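Enquirer: My questions will all concern the structure given below.
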Amino acid sequence: MGYHGEAVPVGVTYRLNLPSVLVLNSCGISKSGDQAEIAAFCAHVMELDLSHNKLQDWHEISKIVSNIPNLEFLNLSSNPLAGMTLEPRWAEAFSSVRRLVLNNTQVSWDTVLLLTREIPELEELFLCHNEYSSVSSSSVACSTLRLLHITDNCLKDWAEVRKFGSMFPCLDTLVMDILQRLFPKLRSINLHNSGLNQWEDIEKLNFFPRLEEVRLQGIPLLQAYTNAERRSLMIAQLPSVSLLNGSAVSDSEREDAERFFIRYYLDYPEEELPYRYHSLVNKYGKLEPLAEIDLRPRCRAQVEVHCEEKIEQLSIRLDQTVAELKKQLTTVVQLSTNSMRLYYIDKGSAFGPEEMKYNTRALHSYSIQDGDEILVVPKTK
């Protein structure tokens, strides 16, 4: 990596500062070169791509990295590191790196664990095409890692995958082989109280080719929905699942759920529509919203209060009793509650006034509507 340019005239100080992103892939590099030159020219380098070179000695790599003090991203993909030992004292040179790419290096898993221990702020790690069939746990967790990309390896046992949980407790993105290759015969999965918080997590369950039963309760994603919405949205998202949270999914329930799903997303912008929405629209077409019918009992009514020659428009609460209505009317008709008799007049009925005799009777039991009348008659002494 040394720089060899034209001779600098005596008495002239000259230094070339390389850009913050330095790409040296496929350059045939196998040695570090002059470390003083690396330090001089790479002072501002933050991202270094050394992929597809011939580096096979961790000591040489550490010489390069230790002289780039601001290095945050390092790509060593496709360098022949199989069987190469990384000494702990060399690993300290990587301490500033936040994103490390080791794809297709066949780097040993022990070396990976050493790097995760020695890099205090490692956030992203790429380990694709390294032929891992098993992984060992680490006694020291790497709590800073947020993304692990480990596709195209030979991991086939869920017990191996579970080890990532204890090694990387703050991991929020795990990219692995497509699920149908990893678990071709998986029939049932229980994800109770897991941390799933987006619909994309649910959609990925469809990659299991034989999945029939799913248990999904207590996950953050579903907290904002009613019980009916949760079940319908889940059924619509999982077309091959026949048993959800222990209850069988009938054909009629599935159709209702899928139609509900389409209507649920009718007003969403195009860029926010889930993939499943489009396939269901192809199946059922774009559905019109269902008519909204409010079956809740009315809570107020606008009535005319008649008392002798006086007429007042009044809004009354229908959840109150006759006694409470009398109390409300005292200021309207200037009578005490003991001095009035009330009659209800249904404007839409042919029957005459109905005396409201019982003080404890609720007003909604009279089916009072807007425009009806309340007749107040003073009691005679």
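Enquirer: Which of the following residues is part of a helix (DSSP H, G or I), farther than 30 Å from SER240 by Cβ and over 50 Å from the mean Cα position of the chain (by Cα): GLN328, GLN313? Spell out the reasoning first.
Expert: Values: GLN313 fails: part of a helix (DSSP H, G or I).
Matching residue, one of GLN328, GLN313: GLN328.
Enquirer: Okay, moving on. Going by what's in this entry, would SER166 be described as assigned to a loop (DSSP other than H, G, I, E, B) and more than 23 Å from GLN223 (Cα to Cα)? Write out each step before concluding.
Expert: Values: assigned to a loop (DSSP other than H, G, I, E, B): no; more than 23 Å from GLN223 (Cα to Cα): yes.
Spelling it out, it is not the case that SER166 is assigned to a loop (DSSP other than H, G, I, E, B) and more than 23 Å from GLN223 (Cα to Cα).
Enquirer: If I ask for residues that are assigned to a helix (DSSP H, G or I) and acidic (Asp, Glu), which ones from the range 125-163 would you list? Working first, answer last.
Expert: In the first step, residues of the range 125-163 are kept if they are assigned to a helix (DSSP H, G or I); the result is 158-163.
Hit for the range 125-163 is GLU160, nothing else.
Enquirer: Please state which one of VAL322, VAL305, VAL249 is in contact with a Leu (Cβ under 8 Å, 6 or more places away or on another chain), of a type in the set (Val, Ile, Thr) and closer than 22 Å to ASN206 by Cα.
Expert: Numbers: VAL322 fails: closer than 22 Å to ASN206 by Cα; VAL305 fails: closer than 22 Å to ASN206 by Cα.
Just one listed residue meets the conditions, VAL249.
Enquirer: Determine which member of the set GLU118, GLU160 is modelled with pLDDT under 95 and closer than 18 Å to VAL175 by Cβ. Show your work before the answer.
Expert: Details: GLU118 fails: closer than 18 Å to VAL175 by Cβ.
Unique residue meeting the criteria: GLU160.
Enquirer: Let me ask another. Out of the range 344-366, which residues are at pLDDT 90 or above and of a type in the set (S, T, N, Q)?
Expert: Those that are at pLDDT 90 or above and of a type in the set (S, T, N, Q): ASN359, THR360.
Enquirer: Do you know which residues across the range 47-72 are among the charged types (D, E, K, R) and out of contact with any strand residue (DSSP E or B) (no Cβ under 8 Å at 6 or more places or on another chain)? Break it down stepwise before answering.
Expert: Residues of the range 47-72 among the charged types (D, E, K, R): 47, 49, 54, 57, 60, 63, 72.
The answer is LYS54, ASP57, GLU60, LYS63.
Enquirer: Looking only at the range 136-145, filter to residues that are in contact with an Asp or Glu (Cβ under 9 Å, 6 or more places away or on another chain) and surrounded by fewer than 21 Cβ atoms within 10 Å (Cβ to Cβ); which one of those is nearest to CYS170 (Cα to Cα)? Give the derivation first.
Expert: Taking the range 136-145 and keeping what is in contact with an Asp or Glu (Cβ under 9 Å, 6 or more places away or on another chain), we get 136, 144-145.
Checking the rest, the ones that are also surrounded by fewer than 21 Cβ atoms within 10 Å (Cβ to Cβ) come to 136, 144.
Values: SER136: 18, THR144: 7 Å.
So, considering only residues that are in contact with an Asp or Glu (Cβ under 9 Å, 6 or more places away or on another chain) and surrounded by fewer than 21 Cβ atoms within 10 Å (Cβ to Cβ), the one nearest to CYS170 (Cα to Cα) is THR144.
Enquirer: Checking the conditions here, which among GLU253, GLU213, GLU229, GLU203 is free of Cβ contacts under 8 Å to residues at least 24 places away in the same chain, surrounded by fewer than 18 Cβ atoms within 10 Å (Cβ to Cβ) and out of contact with any helix residue (DSSP H, G or I) (no Cβ under 6 Å at 6 or more places or on another chain)?
Expert: Numbers: GLU213 fails: free of Cβ contacts under 8 Å to residues at least 24 places away in the same chain; GLU229 fails: free of Cβ contacts under 8 Å to residues at least 24 places away in the same chain; GLU203 fails: free of Cβ contacts under 8 Å to residues at least 24 places away in the same chain.
Exactly one residue qualifies, and that residue is GLU253.
Enquirer: Select, from PHE94, PHE164, PHE126, the only residue that is within 28 Å of LEU18 (Cα to Cα), among the aromatic types (Phe, Trp, Tyr) and under 29 Å from the mean Cα position of the chain (by Cα). Give the steps one after another, and end with the answer.
Expert: Numbers: PHE94 fails: under 29 Å from the mean Cα position of the chain (by Cα); PHE164 fails: within 28 Å of LEU18 (Cα to Cα).
One residue alone meets the criteria, PHE126.
Enquirer: Are any of the residues in the range 179-198 outside the structural domain of SER136 (by TED's automatic domain parsing), free of Cβ contacts under 8 Å to residues at least 40 places away in the same chain, surrounded by 18 or more Cβ atoms within 10 Å (Cβ to Cβ) and closer than 27 Å to ASN282 by Cα?
Expert: Within the range 179-198, not a single residue is outside the structural domain of SER136 (by TED's automatic domain parsing), free of Cβ contacts under 8 Å to residues at least 40 places away in the same chain, surrounded by 18 or more Cβ atoms within 10 Å (Cβ to Cβ) and closer than 27 Å to ASN282 by Cα.
Enquirer: A further question follows. Among the residues of the range 193-222, how many are at pLDDT below 85 and either more than 22 Å from ASP177 (Cα to Cα) or among the acidic types (Asp, Glu) (or both)?
Expert: The qualifying residues number 3.
Enquirer: Considering each of GLN328, GLN369, GLN313 in turn, give the residue that is within 16 Å of ARG298 (Cα to Cα), modelled with pLDDT under 95 and touching a strand residue (DSSP E or B) at 6+ places or on another chain (Cβ under 8 Å).
Expert: Numbers: GLN328 fails: within 16 Å of ARG298 (Cα to Cα); GLN313 fails: within 16 Å of ARG298 (Cα to Cα).
Answer to the selection: GLN369.
Enquirer: Next up: Exactly one condition in (1) modelled with pLDDT under 95; (2) more than 23 Å from ASN53 (Cα to Cα); (3) in contact with a strand residue (DSSP E or B) (Cβ under 7 Å, 6 or more places away or on another chain) is not met by THR151; state its number.
Expert: (2)
Enquirer: Among the numbered conditions (1) part of a helix (DSSP H, G or I); (2) within 18 Å of ASP370 (Cβ to Cβ), tell me where VAL303 comes up short.
Expert: In the conditions (1) part of a helix (DSSP H, G or I); (2) within 18 Å of ASP370 (Cβ to Cβ), VAL303 misses (1) alone.
Enquirer: Which one is farthest from ILE316 (Cα to Cα) among residues in the range 344-381 that are of a type in the set (Val, Ile, Thr) and assigned to a loop (DSSP other than H, G, I, E, B)? I'd like the intermediate steps shown before the answer.
Expert: Residues of the range 344-381 of a type in the set (Val, Ile, Thr): 345, 360, 368, 374, 376-377, 380.
Now drop any that are not assigned to a loop (DSSP other than H, G, I, E, B), which leaves 360, 368, 380.
Values: THR360: 16, ILE368: 10, THR380: 26 Å.
Within the range 344-381, the match that is farthest from ILE316 (Cα to Cα) is THR380.
Enquirer: Of the conditions (1) closer than 30 Å to VAL333 by Cα; (2) of a type outside the set (Ser, Thr, Tyr); (3) not in a loop (DSSP other than H, G, I, E, B), ARG298 clears all except one; give me its number.
Expert: With (1) closer than 30 Å to VAL333 by Cα; (2) of a type outside the set (Ser, Thr, Tyr); (3) not in a loop (DSSP other than H, G, I, E, B) applied to ARG298, the lone miss is (3).
Enquirer: Please determine, by comparing only the residues of the range 165-183 that are hydrophobic (A, V, I, L, M, F, W, C) and modelled with pLDDT under 70, which one is farthest from ASN206 (Cα to Cα). I'd like the intermediate steps shown before the answer.
Expert: Taking the range 165-183 first, the residues hydrophobic (A, V, I, L, M, F, W, C) are 167-168, 170-171, 174-176, 178-179, 182-183.
Checking which are modelled with pLDDT under 70 leaves us with 178-179, 182.
Values: ILE178: 11, LEU179: 9, LEU182: 13 Å.
Taking the candidates together, the pick is LEU182.
The values are calculated or read from the model by the stated rules, or taken from the named source; none is laboratory data. Predicted, not measured: the structure shown is a model, and the values here were computed from it. All Cβ positions, glycine included, derive from the backbone under ideal geometry; neighbour counts span all protein chains shown.
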